[in-house]
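Colleague: Just passing along the structure, written as C-alpha cells.
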Amino acid sequence: ILGGRVSRRGAWPWQCSLQSGQSGHVCGCVLIARKWALTVAHCFEGRESADLWKVVLGINNLDHPGGHSQSRGVRSIIVHPRYNRAVVDYDISIVELDFEIEETAFVRPVCLPQPGQLPLPDSYCYITGWGHMGNRMPFKLQEGEVRIISLSQCQSYFDMKTITPRMLCAGYEAGTVDSCMGDSGGPLVCEESSGRWTLFGLTSWGSVCFSKVLGPGVYSNVTHFTPWIQQQIYIHTYLTD
Amino acid sequence: CIATTCQPMCAGGNTVCDPRSNSSSRCEPISLELCMNLPYNLTSFPNYLGHLSQRESSVSWESSLFPALVQTGCYQYLMFYACTLLVPKCDPVSLQRVPPCRSLCRSAKEKCESVLSIVGLQWPEDSDCSQFPEEGGNTTCLLPEAGVDECSPSHFKCRSGRCVLASKRCDGHLDCDDHSDEDNCGCSERALWECPGSTVCIKASMICDGFPDCPQLVDETNCSVCRDNELSCNNHQCVHRTLWCDGRKHCSDSSDEWNCVSLSDRSGSVLTVFKTAAEYQVCADEWNDELSELTCNQLGLGVPDQPGVQGRRRWLHVHPEWHQRNGCWLAVMAYHKQIQFVSLLPSECGLRQAVGLHPHRKKR
C-alpha cells in the first residue's frame, strides 16, 4: 500500500495472506466464510495447483504471526471461467480452505454486498495489504483510505486498458494512497452505518505504482460476482459429482 | 529450477543452471500479446531487460510503459524496438538471441526519452544502446522492415499511423487525430454481431455462451431447443426435468443445481424448493436447528428480514435462546405450520471486535 500506515492488530480480521512454498507471501486474500476466502485469479498464474498454497489469517506482522494466527491449507481453487489474463477482466477466484477457521476477534469473515449494492462514487473506503510501499516491502499490515471513483472518470486515466463493469476504481487523482504489487487479492472494504464492513473490491491492477504518474487503483467489483460466488460455494459444499 | 529456461536441465537432476546466463537453452513461441505482430515468432530468455520468462515480461512495468509511450507518437518503430527487448528474436538453428541494432536503439532513445522525462519517468536502465551491435557488422541484428505493423493486436492503427486502444474503435469518441477510429462503425463492417435493439456489437463467439453481453440479454435467448420434458441449462444444454435439483450436477456448468432453495418472491419469506422443475413451498412438522442452519447456508450468508412487511403475521414463535445466537433464524407459524424466515441479524460478518480501533475518526 502506498501512502498508508501500519494497521492495529485485529483491525481487519478478514485480511489473509496467500502464501506459496519458498516465496512466502504472494498475494492478499479475504475471508468471507469459515471455509472460504476470495482473491484474484492472476495470483494463480503459473501456480494453479491448490497444494502449492496455504492461507494464513489473524496476523499483522508477516514475520511474527503470533498466537492469534491460524494457518490453513487450500483444498480447491475456483478461478472464474471467464478470467481474461490479457486484459485482466473477470479477475477473481474463490479459495476453499481445507478446514474451517475458528472465529475469533482476529479471524472473522467480512460481509458480501447485497445484489446490486455498490459503494457510491466519492465515498471513502479502506484498502489493506502487505504489498509494496514504494520504497520497500513491509512486514506489518498496511492500511489506507481511498475514495471511490466512477468508471467513466477512471477510464480517462487508462488509455491502454478498458475499464469494464467487472471493475471498481478507487484512489486519489493526485494523491498518494494506492495499492501496489503484493496487495493483489486483498480487500477494499467500506463501513456501513450499522458499523459492519462490506467487501466491495479485490485489489487487481492499476497504473505503475512506482512512478510519479499515479492513477487510481483498479479492483475486481465483488458486487458483480456475488451470485457467482454463492453458486460456487453452494455447488462445492452440497453437490456430489 | 523455478525459471522455465532451466527446467530441461533440472530434469536431468544434477546440472547447475544459471537462468541469468546468456546461453538460452531453447526457443519458445511468442505469447506476449503486445508483441504478436512481429516478423518473427520465436523468442528465448532471459531477455534484454533481465526478465526470465514471458510471464515476467507480461507483468513488467516496461510492458505498460512502452505501449503508453507509443501513444505519444514519439517514434514510429518504438513498439518494434520494445518487443526486441521484451521478447528477443531466437534463431532456431543457433538458439541464440538476435539483438536490435544499435541505430534502432539510439533512434528510439533519442526521440522518446525526453517525452518520458516530462512525466517523471526514466528510460529503462538496462537497455543501454552500446550493448547492441552496429548493423552491417559480423553480428546479425534487427532493424524494422518497411511496413512493419507498429500496432499490437490490442491496438487500432489510425490512418495517420498512430495506435489507439482497440476498445476506442467506434466508442463515439474521436481518439485518432484524423478521426479514422470512428469510420465504418457498423458491426458487420467489423465482423461483429449487432445486438438487436441496440448499437452494441459483440463477437460471434459470445452468442449463447452462457454469459449475457447484450442489453436485455438477447444474445442468450433462443439458444437451445429442449424437449418438453427437458429444461435448458445456463449454457443451453438440455437436461431432463427429473434430474433438475436432484443434488447432482447434470449441466456441465452445474446450473441445474443453482437456486434450488429460495425464498418465494411474493412474500419474500416463505421457504420454497425447486424440484423436478416445480416450486414447492416447504411445510414441515418436525423442524429442527440443524435444518435451520442447513437452509440458511444453502441460501448463502443469510437474508435480511423485510421491515414493515404488512399483513396478518402477528404470530412469531422464536427459539427460546434466540437472543444468545445471531444469524438467520426460523420461526414456525402457529396454525398451518408454514415455515417463515425471520432474520434477526445477518451473520457475524464485517464486525471488528478489537478495542480502540477507531482512532482515525477522532483524527478527522
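Colleague: Taking A:K54 as meeting all but one of (1) surrounded by fewer than 23 Cβ atoms within 10 Å (Cβ to Cβ); (2) assigned to a loop (DSSP other than H, G, I, E, B), write down the number of the exception.
Modeller: Status for A:K54: all satisfied but (2).
Colleague: With respect to the numbered conditions (1) over 22 Å from B:L231 (Cα atoms); (2) at pLDDT below 75; (3) of a type in the set (A, V, I, L, M, F, W, C), which one is the sole condition not fulfilled by B:L263?
Modeller: Of everything listed in (1) over 22 Å from B:L231 (Cα atoms); (2) at pLDDT below 75; (3) of a type in the set (A, V, I, L, M, F, W, C), B:L263 misses just condition (1).
Colleague: Further question on the same structure: B:C170 is checked against (1) in contact with a Cys (Cβ under 8 Å, 6 or more places away or on another chain); (2) exposed (fewer than 12 other Cβ atoms within 10 Å of the Cβ); (3) at positive phi and fails just one. What number does that condition carry?
Modeller: If we test B:C170 against (1) in contact with a Cys (Cβ under 8 Å, 6 or more places away or on another chain); (2) exposed (fewer than 12 other Cβ atoms within 10 Å of the Cβ); (3) at positive phi, just (2) comes out false.
Colleague: Please count how many residues of the stretch A:78-92 are aromatic (F, W, Y), within 10 Å of chain B (Cβ to nearest Cβ) and on the phi < 0 side of the Ramachandran plot.
Modeller: Residues flagged as aromatic (F, W, Y), within 10 Å of chain B (Cβ to nearest Cβ) and on the phi < 0 side of the Ramachandran plot within the stretch A:78-92 amount to 0.
Colleague: Here is a follow-up. I'm trying to understand the selection: among the residues of the stretch B:38-57, which are more than 18 Å from B:S127 (Cβ to Cβ) and within 14 Å of chain A (Cβ to nearest Cβ)?
Modeller: Once the filter is applied, which keeps residues that are more than 18 Å from B:S127 (Cβ to Cβ) and within 14 Å of chain A (Cβ to nearest Cβ), the stretch B:38-57 yields B:S53, B:R55.
Colleague: Are there any pairs, at least 6 apart or on different chains, whose C-beta atoms fall under 6 Å, with the first in the stretch B:160-171 and more than 16 Å from B:M79 (Cα to Cα) and the second assigned to a helix (DSSP H, G or I), and if so, which?
Modeller: Once the first residue is more than 16 Å from B:M79 (Cα to Cα) and sits in the stretch B:160-171, its partners that are assigned to a helix (DSSP H, G or I) give B:K168/B:D181; B:R169/B:D181.
For (1) at pLDDT below 85; (2) away from every other protein chain (no Cβ under 12 Å); (3) touching an Asp or Glu at 6+ places or on another chain (Cβ under 8 Å), each residue gets a yes or a no:
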{"site": "B:G210", "(1), (2), (3)": "yes, no, yes"}
{"site": "B:Q216", "(1), (2), (3)": "yes, yes, no"}
{"site": "B:C233", "(1), (2), (3)": "no, yes, yes"}
{"site": "B:W244", "(1), (2), (3)": "no, yes, yes"}
{"site": "B:G247", "(1), (2), (3)": "yes, no, yes"}
{"site": "B:H250", "(1), (2), (3)": "no, no, yes"}
{"site": "B:S254", "(1), (2), (3)": "no, no, no"}
{"site": "B:N259", "(1), (2), (3)": "yes, no, no"}
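Colleague: So the check is Cβ under 8 Å with 6+ separation or different chains; which pairs have a first residue in the stretch B:50-72 that's part of a helix (DSSP H, G or I) and a second one that's polar (S, T, N, Q) and surrounded by fewer than 20 Cβ atoms within 10 Å (Cβ to Cβ)?
Modeller: Here the result reads B:Q54/B:S31, each pair linking the stretch B:50-72 to a residue that is polar (S, T, N, Q) and surrounded by fewer than 20 Cβ atoms within 10 Å (Cβ to Cβ).
Colleague: Please specify each residue of the stretch A:6-22 satisfying the condition of being more than 14 Å from A:G58 (Cα to Cα) and at the interface with chain B (Cβ under 9 Å from one of its Cβ atoms).
Modeller: The one that is more than 14 Å from A:G58 (Cα to Cα) and at the interface with chain B (Cβ under 9 Å from one of its Cβ atoms): A:Q22.
Colleague: Mind checking whether some residue in the stretch B:218-227 is within 14 Å of chain A (Cβ to nearest Cβ), surrounded by 15 or more Cβ atoms within 10 Å (Cβ to Cβ), assigned to a loop (DSSP other than H, G, I, E, B) and not basic (K, R)?
Modeller: no
Colleague: I'd like to check something: does the stretch B:147-165 contain any residue that is on the phi > 0 side of the Ramachandran plot, surrounded by fewer than 20 Cβ atoms within 10 Å (Cβ to Cβ) and not hydroxyl-bearing (S, T, Y)?
Modeller: First pass over the stretch B:147-165, keeping only residues on the phi > 0 side of the Ramachandran plot: B:147, B:161.
Within this subset, residues satisfying the condition of being surrounded by fewer than 20 Cβ atoms within 10 Å (Cβ to Cβ) are B:147, B:161.
Now drop any that are not not hydroxyl-bearing (S, T, Y), which leaves B:147, B:161.
Taking every residue of the stretch B:147-165 in turn, at least one turns out to be on the phi > 0 side of the Ramachandran plot, surrounded by fewer than 20 Cβ atoms within 10 Å (Cβ to Cβ) and not hydroxyl-bearing (S, T, Y).
Colleague: Checking the structure you have, find out if any residue of the stretch B:83-105 is within 28 Å of the chain's Cα centre (by Cα) and either closer than 30 Å to B:D183 by Cβ or within 14 Å of another protein chain (Cβ to nearest Cβ) (or both).
Modeller: Looking for residues that are within 28 Å of the chain's Cα centre (by Cα) and either closer than 30 Å to B:D183 by Cβ or within 14 Å of another protein chain (Cβ to nearest Cβ) (or both), one finds at least one in the stretch B:83-105, hence yes.
Colleague: For the stretch B:73-93, give me the residue count where each residue is within 14 Å of B:H155 (Cβ to Cβ) and not in a loop (DSSP other than H, G, I, E, B).
Modeller: 5
Colleague: State which residue pairs qualify: first residue within 11 Å of chain B (Cβ to nearest Cβ) and over 20 Å from A:S76 (Cα atoms) and inside the stretch A:100-122, second residue basic (K, R) and not in a strand (DSSP E or B) in any location, beta carbons under 7 Å apart, and separation of 6 or more residues or different chains.
Modeller: A:E103/A:R34; A:F106/A:R9; A:C111/A:R196
Colleague: Among A:G66, A:G171, A:G131, A:G73, which is the only one that is at pLDDT below 95, away from chain B (no Cβ under 11 Å) and more than 29 Å from B:L34 (Cβ to Cβ)?
Modeller: Result of the check over A:G66, A:G171, A:G131, A:G73: A:G66.
Colleague: Six or more apart or on different chains, Cβ under 7 Å: which pairs go from a residue in the stretch A:2-26 that's surrounded by fewer than 20 Cβ atoms within 10 Å (Cβ to Cβ) to one that's among the hydroxyl-bearing types (S, T, Y)? Could you list them?
Modeller: A:G3/A:T176; A:H25/A:S17
Colleague: Would you mind stating whether A:R82 is among the basic types (K, R), in a strand (DSSP E or B) and out of contact with any helix residue (DSSP H, G or I) (no Cβ under 9 Å at 6 or more places or on another chain)?
Modeller: no
Colleague: Please specify each residue of the stretch A:27-57 satisfying the condition of being in contact (Cβ under 8 Å) with a residue 40 or more places away in the chain, of a type outside the set (V, I, T), within 11 Å of another protein chain (Cβ to nearest Cβ) and farther than 14 Å from A:R72 by Cα.
Modeller: A:H42, A:E45
Colleague: To continue, here is another question. Report, by residue number, each residue of the stretch B:132-146 that is in contact (Cβ under 8 Å) with a residue 40 or more places away in the chain, surrounded by 10 or more Cβ atoms within 10 Å (Cβ to Cβ) and not hydrophobic (A, V, I, L, M, F, W, C).
Modeller: Of everything in the stretch B:132-146, those that are in contact (Cβ under 8 Å) with a residue 40 or more places away in the chain, surrounded by 10 or more Cβ atoms within 10 Å (Cβ to Cβ) and not hydrophobic (A, V, I, L, M, F, W, C) turn out to be B:T139, B:T140, B:P144.
The values are calculated or read from the model by the stated rules, or taken from the named source; none is laboratory data. Since the structure is predicted, the reported quantities are computational estimates derived from the model, not experimental observations. In this analysis, Cβ positions are derived from the backbone assuming ideal geometry, glycine residues included, and neighbour counts consider all displayed protein chains.
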